[in-house]
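Data first, discussion second: the structure below is written as structure tokens.
The values are calculated or read from the model by the stated rules, or taken from the named source; none is laboratory data. Everything numeric in this text was worked out from a predicted model, so none of it was measured. For neighbour counting, all protein chains shown are included, and Cβ atoms are generated from backbone atoms with ideal geometry for every residue, glycine included. Ligands, DNA and RNA are stripped out before the accessible areas are found, and what is left, the full protein with its side chains, is counted by its heavy atoms. Shrake-Rupley method; radii C 1.70, N 1.55, O 1.52, S 1.80 Å.
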Amino acid sequence: MRSNWPVLLVASTAVALGATGCADPAPAGDRVVRAQAYAVDSSPDSALAFFDNAYVFEGTVTAVRADRRVADSLSGGRTIEAVYTPVTVVVERSYVGDAAAGSKVTVRSMGGKAGGLRYVIDEAPAKSTFTPGTRLVIFGGVRSTLDLEPEPAITPHFVYKAAGDVFVDVTYAETPDPARTRIPAVDLRHKLEALSAKAGPRG
């Protein structure tokens with residue numbers, strides 16, 4: 001289970017090392033953990049080339065569930081905690097990984113409040129990204145089960161949101177809209193099909 005923690009805590013910002021959590025003063029009895037991470041280039045070509053993409057697929061958000069708190073004890077006695085919102089995405093096109101078209105994938109929308117803990121991370125997609133009915137392209141890590149999660153889930157590395165005939169990079173909530181990368185949907189899908197061909201048969 002411990003090997004999956006970098007995926008949960010760090011891959012949401014697409015960096016494999018270097019993210020830490022620190023506790024802030026807690027308002028009204030709630031404890032606050034603020035994750036600190038380093039944003040990396042989330043342009044389409046960088047997202048496509050990212051080394052840890054175990055799943056790449058296009059799908060539509062169908063459900064958003066209550067925030068979930070997870071924790072793990074690391075060697076040395078340190079405990080890492082996080083909160084995320086489980087989001088159900090129905091896969092429509094699969095490019096990397098074994099998530100077949102029509103299947104449901106649980107995606108971790110990092111951040112939220114549960115069990116007396118508020119987890120804050122700026123280097124993650126905004127919660128509004130995962131509104132039901134929204135079409136997304138998700139580049140994610142391995143599908144894993146952490147702590148007492150009832151089902152395996154994926155933490156996204158990069159997320160692109162459909163807006164008409166383009167996809168918009170929504171990987172980082174704090175990116176101002178004028179600075180967001182936009183790519184025609186046909187061009188992104190062409191790149192994704194090339195990635196799929198390079199990845200080979202999906203099992």
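Of a type in the set (Ser, Thr, Tyr) and within 30 Å of Leu74 (Cβ to Cβ), is that true of Thr181? Working first, answer last.
Working: of a type in the set (Ser, Thr, Tyr): yes; within 30 Å of Leu74 (Cβ to Cβ): no.
So Thr181 does not fit the description; no.
Would you mind finding the one in Ser144, Ser196 that is over 20 Å from Ala101 (Cβ atoms), touching a strand residue (DSSP E or B) at 6+ places or on another chain (Cβ under 9 Å) and of a type in the set (Gly, Ala, Ser)? Break it down stepwise before answering.
Details: Ser196 fails: over 20 Å from Ala101 (Cβ atoms).
The match here is Ser144.
If you take the residues in region 108-117 that are open to solvent by 30 Å² or more (accessible area, probe 1.4 Å) and at pLDDT below 95, which one is nearest to Val90 (Cα to Cα)?
Initial filter on region 108-117 (open to solvent by 30 Å² or more (accessible area, probe 1.4 Å)): 113, 115-116.
Next cut, at pLDDT below 95 only: 115-116.
Numbers: Gly115: 28, Gly116: 31 Å.
If we take residues in region 108-117 being open to solvent by 30 Å² or more (accessible area, probe 1.4 Å) and at pLDDT below 95, then Gly115 is nearest to Val90 (Cα to Cα).
Quick one: in region 42-56, of everything that is of a type in the set (Ser, Thr, Tyr) and surrounded by fewer than 20 Cβ atoms within 10 Å (Cβ to Cβ), which residue is farthest from Gly140 (Cα to Cα)?
Step one: filter region 42-56 for residues of a type in the set (Ser, Thr, Tyr), giving 42-43, 46, 55.
Now narrow it down to the ones that are surrounded by fewer than 20 Cβ atoms within 10 Å (Cβ to Cβ): 43, 46.
Working: Ser43: 15, Ser46: 13 Å.
Selected residue: Ser43.
Report those strands (runs of 3 or more DSSP E) wholly inside region 135-203 carrying at least 2 residues which are at pLDDT 95 or above and under 19 Å from Ala37 (Cβ atoms).
Values: elements: 135-140, 156-163, 166-169, 182-184.
Here the list reads 135-140, 156-163.
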Exercise. Is there any pair linking a residue in region 148-168 that is within 15 Å of Ser46 (Cα to Cα) to one that is in a loop (DSSP other than H, G, I, E, B) and open to solvent by 40 Å² or more (accessible area, probe 1.4 Å), with Cβ under 7 Å and at least six apart or on different chains, and which?
Worked result: His157/Asp52; Val168/Arg180
For this session: Quickly run through region 172-203 and pick out the residues that are open to solvent by 100 Å² or more (accessible area, probe 1.4 Å), free of Cβ contacts under 8 Å to residues at least 40 places away in the same chain and farther than 15 Å from Val159 by Cα.
Result: Pro178, Val186, His190, Lys198, Pro201
